[in-house]
1. Could you grab the pairs with beta carbons closer than 8 Å, sequence gap of 6+ or different chains, first residue in segment 16-38 and surrounded by 10 or more Cβ atoms within 10 Å (Cβ to Cβ), second one assigned to a helix (DSSP H, G or I) and aliphatic (A, V, I, L, M)?
2. Taking segment 48-73, which residues are over 29 Å from Ser144 (Cβ atoms), in contact with a Phe, Trp or Tyr (Cβ under 9 Å, 6 or more places away or on another chain) and not hydrophobic (A, V, I, L, M, F, W, C)?
3. Condition test on Met22, is it in a strand (DSSP E or B), at negative phi and modelled with pLDDT of 90 or more?
Amino acid sequence: MGASAATSGTRPDRGFSLVEAMVAMAVLLVVVLMLVGAVPASFAFTKQDSLRVQAVAAGQSYLDTIRQYVKSSGVITDLPPAPVISIDQGYGYVSNQTSAPTATFSMTPSCAARSLFSYDCTVTVSWSANGNPQSVDVETYIASQAGF
């Protein structure tokens, strides 16, 4: 009557069985594999965003050149040629290798008069990413000081 579980031959119901521990490890393994599978996708999105940021910076740099030209000359004809800006492929986070840039951004300006001394200028920056053509428009308003 006062016999404990150890002396009566029955097993106590405490702790995990081997089957429960193996099931928990299998579930943990599935979760870890799903997380590891998301890492390459996040690198791809980061690279795509990096190219877009570079394109906007290249377009803004060219717009700054156009802005200086229009402010000094007062005209939107004979705009300065677009600079050649190489695309940084960004291999640094994938491996230690670096490669020479193989592509550049293509920039197309267009300016339209808004009023007598005010202009709306847009630069369309184009590039190719994995064979897919991409582009982004960067826009600014310029008030010419040449007429004042």
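The values are calculated or read from the model by the stated rules, or taken from the named source; none is laboratory data. Keep in mind that this is a model prediction, so the values were computed, not measured. Neighbour counts run over all protein chains shown; Cβ positions are idealised from the backbone, glycine included.
1. Sorted first by the residue in segment 16-38, then by its partner, the pairs are Phe16/Ala24.
2. To start, the set of residues in segment 48-73 that are over 29 Å from Ser144 (Cβ atoms) comprises 48-54.
Still in the running and in contact with a Phe, Trp or Tyr (Cβ under 9 Å, 6 or more places away or on another chain): 51, 54.
Once the filter is applied, which keeps residues that are over 29 Å from Ser144 (Cβ atoms), in contact with a Phe, Trp or Tyr (Cβ under 9 Å, 6 or more places away or on another chain) and not hydrophobic (A, V, I, L, M, F, W, C), segment 48-73 yields only Gln54.
3. In short, no.
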